[in-house]
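The values are calculated or read from the model by the stated rules, or taken from the named source; none is laboratory data. These figures come from a predicted structure and were not determined experimentally. Methodologically, a virtual Cβ is constructed for each residue, glycine included, from the backbone with ideal geometry; neighbour enumeration extends over all protein chains shown.
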Amino acid sequence: VALAKIANDPEQYKIVLPVIVDQAASFRVESSTTRASAAIAEAMKDASPNVKEFASSLMQKTFSEIPSVIKEPNTGALISSASSTIRSRFGSILQLLPDGEEFVKTVPRTTLKSFLSGKDSDMYVYSGKLTPNKELMGKWAWCIYPQPNKPSEVEPYIESWVNPKNGSAPSQIIENPKDTIEILPDGKIGQSNYFRGYFWSGDMMIALHEDQALKMELRTIGGREFLIIERGGFNTPPTSDDEVKIPKDWHCGYHVYVRQ
C-alpha cells in the first residue's frame, strides 16, 4: 500500500498502479485488499488527468473480470459476498475516474429471466441513457406482508390489504413503514434501505455494485397506486460447488410499495 504514495509520479504510475490494483483485486476480502482499495481511492483524488485515464482503463478491465463466485485461494472454500464486496470497492473508485461511473452502469446484470434461462442475451444492459418513466416517480412506502412469492399472488395480496376482513382500510400515509423509496427524475433512488446503491431506468431497478437488475411494475388497485418490485436474490452466490438445477417455475417474489 505504501506504493500508492508514488502512484501519481509521472515516471512511475504505469508500473505502480497495476501492482496496487492487482493487490486490491486479489479476490480475498481481508485487511490488505481493503487497504489497497482505500489507497487507490485516496491516490485518485488528486491524480493528474493522465494518471486518471490510465487508472480508469486498468480498473474497468479488472472490474469486468471479477468472477461471480470467489474462493479462498488456499482452501478452495467459497467466500460469501466476496464478489459484491470487491465490485463495490472498485465501483466506488471508478466513479472518481473518467467515464468510470458510466462504465459500471453499463456492465450486464443478471435478471430473473437470465437467471432461469442461463442465457447472456437475457441479461439487462443499461444503454447509458436514462429511459424516463414519470409514472414511477415519487415517494413510496413498503406495505404488504406476507410478501407475494409468485406473480399470481400479487393482486390477491394487495386486494386483501386494501380491503381487510376487519373492515378497517389502511390510511393514505403509512406510519413507520419497513422501507421507503423515492424514485427521482435523474435515475437516482432516495430514502431506501433495501435499494440503497441502486439506480433506475425505464421499468428496471439496477444495482450499481452488484450483479442484479430488478423489474418494476405499477398497478392501480382499489383506487391506490402500488409499485411492485422483484425481490431479487438471484445474484446470491452458491454455498457449494454442487450444480443446482433451478426449477422452471422458480420466482424471487416481490416487494410491494404504495404511493405516498
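Looking across region 1-60 at every residue that is touching a Phe, Trp or Tyr at 6+ places or on another chain (Cβ under 9 Å) and modelled with pLDDT under 70, the one that is nearest to LEU94 (Cα to Cα) is identified as ALA7.
Here is a yes/no grid of residues against (1) among the hydrophobic types (A, V, I, L, M, F, W, C); (2) out of contact with any Lys or Arg (no Cβ under 9 Å at 6 or more places or on another chain); (3) within 19 Å of GLY233 (Cβ to Cβ):
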{"site": "LYS45", "(1), (2), (3)": "no, yes, no"}
{"site": "ILE70", "(1), (2), (3)": "yes, no, yes"}
{"site": "SER92", "(1), (2), (3)": "no, yes, no"}
{"site": "ARG109", "(1), (2), (3)": "no, yes, yes"}
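Residues in region 87-126 that are under 16 Å from the mean Cα position of the chain (by Cα), farther than 21 Å from ILE70 by Cα, assigned to a loop (DSSP other than H, G, I, E, B) and of a type outside the set (A, V, I, L, M): GLN95, TYR126.
Considering each residue of region 203-213 in turn, none proves to be without any contact (Cβ under 8 Å) to a residue 24 or more places away in the chain and either of a type outside the set (S, T, N, Q) or in contact with a Leu (Cβ under 8 Å, 6 or more places away or on another chain) (or both). When the strands (runs of 3 or more DSSP E) confined to region 148-260 are screened for residues that are surrounded by fewer than 18 Cβ atoms within 10 Å (Cβ to Cβ) and at pLDDT 90 or above, those reaching at least 3 such residues are found at 213-221. Can you spot a residue in region 65-74 that is closer than 27 Å to ASP46 by Cα and in a loop (DSSP other than H, G, I, E, B)? Checking region 65-74: at least one residue is closer than 27 Å to ASP46 by Cα and in a loop (DSSP other than H, G, I, E, B).
With the structure loaded, tell me whether ASN133 is at pLDDT 95 or above, surrounded by 12 or more Cβ atoms within 10 Å (Cβ to Cβ) and of a type in the set (S, T, N, Q) or whether it fails that test. The answer is yes for ASN133.
With the requirement that a residue be without any contact (Cβ under 8 Å) to a residue 60 or more places away in the chain and either closer than 24 Å to SER171 by Cβ or outside any helix (DSSP H, G or I) (or both), what does region 133-147 give you?
Selection gives MET137, TYR145, PRO146.
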